[in-house]
Amino acid sequence: MEDCMSSDDEYYYSDLNSLDGLENYESDFQWVPPKGSTTQVITKESLLTAQREDLRRVMELLSLGEHHARTLLIYHRWDVEKLFSVYVDKGKAFLFAEAGVGMVEHQNHDSLLLSSTIMCDICIEDVPSDDATRMDCGHCFCNNCWTEHFIVKISEGQSKRIRCMAHKCNAICDEAIVRKLVSKKKPNMAEKFDRFLLESYIDDNKRVQWCPSTPHCGNAIRVEDDDLCEVECSCGLQFCFSCLSQAHSPCSCLMWELWAKKCKDESETVNWMTVHTKPCPKCHKPVEKNGGCNLVSCICGQSFCWLCGGATGRDHTWTSITNHSCGRYKEQEKKAEQAKRDLYRYMHYHNRYKAHTDSFKLESKLKDTILEKVNVSEERESTLRDYSWVNNGLYRLFRSRRVLSYTYPFAYYMFGDELFQDEMTQEERDIKQHLFEDQQQQLEANVEKLSRVLEEPFDQFTDDKVMEIRMQVINLSVIIDTICQKMYDCIENDLLGSLQLGIHNIAPYKSKGIERASELSACWANKASADECLPLDCGTSGGTTQPDRSSGSGSSEESGCSSRKRARKEGLAGAVFDLNLPAEVVDRN
């Protein structure tokens, strides 16, 4: 379920002068553009730029080449802060040895160059020195053995960390050498190797997730602060960054996973059959009772008692069945009653969840109708010209309706026995349930009031009546926003915060709604001229990129360059990134 007003954020906050005169309202609704977005969209054009931002930081601090910096970052899953913490606590030698970065000084390197042949320890053959390659760890083998080793590892999906062939050597092979040798024999395999290196920034990075849109939009989302949040991709999809499901706060990820599975599978169908049918003692098919008599006959001809399920004959009186008595308590009846209570409880929460979800869809369809009323009202001769309060009210209605619908799955698991049976006593559970349901009831009542007021035909009313409706919408919007904030605080502090299990966390409430991620610029910013957007040369290079330029970060608006549009306008060859390109890209002016 997505906020239908997410695409109209500019319109929603375009005019807030109608809020003048209300105390404490400006602080709740006035929107100030953020200095920098906390979430960014990484497209295939900006993927290499995003990767190089972290590479530059490591290269400049540790004075490393790009290959060694990438090896360290991949090992630490692109967590730059963790990498620096290990460097400070345990030193450079431990950092390199743990990640497999070989920095051995080759004392016999000159003698190797002077000798005409060398024996490869893998194939046990003498090969010319020109056909052998030495890695940073000091081990030297023939190019044919290296090439076959690289091809096997890439085929097995181990492109990100290809180790040296030497026995018990933990060093990671130089990616430039891998690319050079593999491209001579299998160019397609070299492209696959480059793609794996690029996409490792997304696959292995806890701050980056692929957008789960279907069909896939090809974008990824990077968060700067807490990864426990809900984001919106540039394609319009809103999702939970932690579990990649649809945005589901105030439900935790585990609660929503269980609820979605419960709604999709046939578990509740089984519960219904348990409550409303009995198995035939002969053919074991489920039989539903359609009359008042407790002597039931199956289609197979077998008669049995509906009370206990035991097989009987056909003779019976008004009070009993001949030669049959089932007045004693049995455990089976207890299980049936428990299944019946569980089913009714599930239906209570599911029906209300479904009702608010359907209301959300219907109110979304009314958006165009309400905006038409705004256009009619603006065209007629009236002293009222500002109708931004209608869009503000619509946005608050959609946002709060979505929150309200997800409070029912939360309550189903929060106050049930499936997840927190041993976490609370029955008395504590009852107190917390009453506290939560009071806030839920207040939210539900005000949301329904706001929905009813917005559906009023205000385009046909007088100016005084429109002003009255306007004040109702503004006041209800403030009240609903306050209730939502208090409900989230109650969930985080009083309900989930008091539990010993720390696996249930929810995304924080945002009054402005789910943040739309800004697009990461695919340009490089030059230190000497930060306002200019430099084109990129997409050629390969086996050497080390000199850290004399820093990568641009943030959105294209922040860096002052328009990434793809500018590159296409100027017609520069290779100015747009491609995932198939090699990892090394040389900046040029």
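Tabulated data
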read-out	value
q = 0.10, 0.11, 0.21 Å⁻¹: log10 I(q)/I(0) that the Debye formula gives for region 78-225, counting C-alpha atoms only	-0.47, -0.56, -1.33
Relative compactness, region 344-419, computed as alpha-carbon Rg over 2.2 N^0.38 Å	1.58
Hydrodynamic radius (Kirkwood) for region 185-231, which is based on Cα pairs only, to one decimal in Å	12.4
Interchain or long-range residues, amide H under 5 Å from Glu519's placed H	Val41, Ser556
Karplus-derived HN-Hα couplings along region 209-218 (A = 6.51, B = -1.76, C = 1.60, θ = phi - 60°), whole Hz, x at Gly and Pro	9, 5, 5, x, 5, 10, x, 5, 7, x
Kirkwood hydrodynamic radius (C-alpha pairs) into Stokes-Einstein, region 169-267, 20 °C and 1.002 mPa s, D in µm²/s	130
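Read the figures in this text as sums done on the coordinates, not as results from a lab. Worth saying up front: this structure is predicted, and the values here are computed from it rather than measured.
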